[in-house]
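For reference, the structure is listed below as structure tokens.
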Amino acid sequence: MKNYLLFIAIFTLIQQAALCQMNLDSLKNELEGSFVEEMGSNDWNAYVIRYLDKDSLVKYVIPFDKDGAIEEDVWGIALTEYKYDDKNREVQRRYFNREGALHFSDWPPVIRIYYDDKDRVTKEEYLGINEEPVISFSKIEFKYNFKGELLEERMYGETFDRIGEKAITRFAYEDSSRVVIASEYTHSGELVVSENVAYRSDEYLTSERKKLIETRFLDKNMELTGIVDIFSEDKYAIARYSYPPGENRMKLEKFDSKMVLISESWQYLPPSNK
């Protein structure tokens, strides 16, 4: 009988999801008793619960306050639903507000993800509340080289069809793939230059590119140029990152194009198990 009631509850939740309307309180209560996977926190909400339904390969993320009540995050999202295929690859993401309706925030409410036979993401589709293509930002397509390194991201939609609007990001690799140089272009192939910056060069500790150690901002001639930090208003050309052994923090140093130190700060890093 208990299993039957649980089946009915989950079936009801699936029906509501199909209609783009979720009862968040019922979902939270049902999953708390059956499918709790882990607890954590982020920068915006005090606590986050992640639920996993292993049978249907669905993962739910519900932010809540210190008293356990469901709470929308800063983007108005109260539930994020992740769906996976039988290879455990994420294939769909949906965002809901506190009322359980699909929610537009800084990004569309539905994202669908497609892969090639090497498990590389080839396309992301962005859909609206009725799961129709979003006119302003409909999809991103990805291309790779023979090593599996990302070569190009191409964005589609009315936003990216505007004259001078960046729509394509291209990547080049140097020094055994430790250095990644990114540049942006319009759909017509014109290089996009913003605040005199045409290229961004990121250097990593190893070719796996898991730990960033330096960023350089370059002009059209590949010479150092300054960029203004929107938060600190520092104008700098180089950022260097260092990681003291055994410490859960990172040192950030900013320099101008003549290698004069502009500022120095520390940032705490998330635990490695997150």
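The values are calculated or read from the model by the stated rules, or taken from the named source; none is laboratory data. Since this is a predicted model, take the numbers as computed values, not measurements. A quick note on method: Cβ atoms are made from the backbone with ideal geometry, for glycine too, and the neighbour counts reach across all protein chains shown.
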Scanning segment 107-165 residue by residue, those in the same structural domain as residue 184 (by TED's automatic domain parsing) and of a type in the set (Lys, Arg) turn out to be 139, 143, 147, 154, 162
Would segment 247-256 turn up any residue that is of a type in the set (A, V, I, L, M) and in a loop (DSSP other than H, G, I, E, B)?
-> no
Every residue from segment 233-268 that is polar (S, T, N, Q) and over 23 Å from the mean Cα position of the chain (by Cα) | 242, 257, 263, 265
Among the candidates 268, 199, 185, 243, which residue alone is surrounded by 14 or more Cβ atoms within 10 Å (Cβ to Cβ), of a type outside the set (Val, Ile, Thr) and more than 30 Å from residue 136 (Cα to Cα)?
-> 243
Would you call residue 61 out of contact with any Ser or Thr (no Cβ under 6 Å at 6 or more places or on another chain) and either closer than 25 Å to residue 126 by Cα or modelled with pLDDT under 85 (or both)?
-> no
State whether one or more residues within segment 262-274 are in contact (Cβ under 8 Å) with a residue 60 or more places away in the chain and in contact with a strand residue (DSSP E or B) (Cβ under 7 Å, 6 or more places away or on another chain).
-> yes
Scan segment 112-129 for residues that are within 18 Å of residue 79 (Cβ to Cβ) and modelled with pLDDT under 95 and report the count.
-> 3
Selection within segment 163-172 - of a type outside the set (A, V, I, L, M, F, W, C), under 16 Å from residue 139 (Cα atoms) and either assigned to a loop (DSSP other than H, G, I, E, B) or free of Cβ contacts under 8 Å to residues at least 12 places away in the same chain (or both) = 165, 166
Is it the case that residue 93 is surrounded by 15 or more Cβ atoms within 10 Å (Cβ to Cβ) and either within 24 Å of residue 144 (Cβ to Cβ) or at pLDDT 95 or above (or both)?
-> yes
Among the residues of segment 173-230, how many are in contact with a Lys or Arg (Cβ under 9 Å, 6 or more places away or on another chain), in a loop (DSSP other than H, G, I, E, B), among the hydrophobic types (A, V, I, L, M, F, W, C) and more than 24 Å from residue 249 (Cβ to Cβ)?
-> 3
Subset tally (residues that are acidic (Asp, Glu) and in contact with a Gly (Cβ under 6 Å, 6 or more places away or on another chain)) for segment 120-162 = 0
Taking segment 129-151 and the residues there that are surrounded by 16 or more Cβ atoms within 10 Å (Cβ to Cβ) and in a loop (DSSP other than H, G, I, E, B), the one that is farthest from the chain's Cα centre (by Cα) would be 134
Is one or more of the residues making up segment 10-24 crowded, with 17+ Cβ neighbours inside 10 Å, modelled with pLDDT of 90 or more and not in a strand (DSSP E or B)?
-> no
